[in-house]
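A.B. asks: Could you have a look at this structure, given as structure tokens, before my questions?
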């Protein structure tokens with residue numbers, strides 16, 4: 001009887017070690033690369049938005065519909081689609097329930113999900129899995145370009161247009177930074193859940 005009990009304990013220890021190994025592998029082969037891809041997207045946004053800000057503040061350039069920042073925003077979006085595509089593929093996977101909050105936070109950051117205010121969780125819309133949709137409408141840059149275009153259509157003076165354009169840009173960047181923190185929080189929670197010995 002004691003021998004059976006000891007074998008049962010050994011089996012539980014084996015299973016626990018195996019679960020830890022699977023969790024570590026899942027973390028290193030899936031979670032870490034996904035977070036690295038997300039970091040690359042965020043870094044690209046921050047670097048390019050800083051460049052847009054400097055261009056808008058440049059008094060040598062007339063702030064109108066011909067301003068070079070408009071073309072640059074479109075070009076940056078086109079040439080960084082690949083970064084967003086990698087993240088979009090995460091939504092197509094049959095996600096392990098342990099990673100759902102992390103993926104949902106990334107979806108919200110990218111604009112692919114909305115927060116259900118009643119239930120307090122993310123909802124991802126299936127129609128937003130189309131690759132064309134990312135480039136054409138789902139982009140933090142798209143939102144900026146639309147806001148900037150709205151400012152440029154107004155009959156304000158250059159100083160007022162610059163002030164309003166910077167406000168649009170800064171508001172988008174501030175919100176993006178908050179959403180970045182939410183993704184990082186979910187990543188850290190997931191890391192702890194997967195790697196903390198039990």
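The values are calculated or read from the model by the stated rules, or taken from the named source; none is laboratory data. Worth saying up front: this structure is predicted, and the values here are computed from it rather than measured. Cβ: placed from backbone, ideal geometry, glycine included. Neighbour counts: every protein chain shown.
A.B. asks: Against the condition surrounded by 10 or more Cβ atoms within 10 Å (Cβ to Cβ), modelled with pLDDT under 95 and out of contact with any strand residue (DSSP E or B) (no Cβ under 6 Å at 6 or more places or on another chain), how does residue 81 come out, does it pass?
C.D. replies: Answer is yes for this residue.
A.B. asks: Something else now. Would you pick out the residues in the stretch 143-165 that are closer than 23 Å to residue 176 by Cα and outside any helix (DSSP H, G or I)?
C.D. replies: Within the stretch 143-165, no residue meets the criteria.
A.B. asks: Among the residues of the stretch 141-198, which ones are exposed (fewer than 14 other Cβ atoms within 10 Å of the Cβ), under 17 Å from residue 57 (Cα atoms) and within 19 Å of the chain's Cα centre (by Cα)?
C.D. replies: The answer is 170, 171.
A.B. asks: Restricting to the stretch 58-89, count the residues that are in contact (Cβ under 8 Å) with a residue 60 or more places away in the chain and over 21 Å from residue 35 (Cα atoms).
C.D. replies: Summing the residues that are in contact (Cβ under 8 Å) with a residue 60 or more places away in the chain and over 21 Å from residue 35 (Cα atoms) in the stretch 58-89 gives 11.
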